1. What ³J(HN,Hα) values, in whole Hz, does the Karplus curve 6.51 cos²θ - 1.76 cosθ + 1.60 give for the stretch 37-50 when θ = phi - 60°, with x put for Gly and Pro?
2. Quick one: accessible area per residue over the chain, 1.4 Å probe, rounded to a whole number of Å²?
3. For a Förster distance of 22 Å, can you work out the FRET efficiency between the beta-carbons of Trp49 and Val74, rounded to the nearest 0.05?
4. Can you give me the distance in nm between label points at Val57 and Val40, each placed 7 Å from the Cα along the Cα-to-Cβ direction?
5. Between the DSSP loop rule and a limit of at most 12 other Cβ atoms within 10 Å, which trypsin sites (Lys or Arg not before Pro) in the chain are left?
6. Relative to the longest principal axis of the chain, what angle (0 to 90°, nearest 10) does the C-alpha long axis of helix 13-23 take?
Amino acid sequence: MQHSNTRELIFKIPETIEFLSSVMTLEPGDIVLTGTPAGVGFGHRPPRWLTPGAEVVVHVEGLGELRNTCVAEV
């Protein structure tokens, strides 16, 4: 439902890393979250939510992709 690119971010990646580095020590393996692009499910009418079996794919060009399948809570 969402499709975007890091060039659409308000704060660019180098600026974000520079800021974070000024207030904390970043270590190898740290994950920097940048927020979410337009198209989130609750913004749809009617809202659309992830359901068991739905697949979430995050793709980073030149790096690869991460795929997760949603499961029901127990």
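1. For the stretch 37-50, the Karplus curve yields x, 4, x, 4, x, 6, x, 7, 10, x, x, 10, 10, 5 Hz.
2. Value returned for the chain: 93 Å² of accessible area per residue.
3. 0.80
4. 2.3
5. Lys12
6. The helix 13-23 is inclined about 70 degrees to the chain.
The values are calculated or read from the model by the stated rules, or taken from the named source; none is laboratory data. Owing to the predicted nature of the structure, the values given are computational and were not obtained by experimental measurement. All Cβ positions, even for glycine, are placed from backbone atoms using ideal geometry, and neighbour counts span all protein chains on display. The protein model used for the area step is the full one, side chains on, heavy atoms only, and it has no ligands, DNA or RNA in it. Shrake-Rupley method; radii C 1.70, N 1.55, O 1.52, S 1.80 Å.
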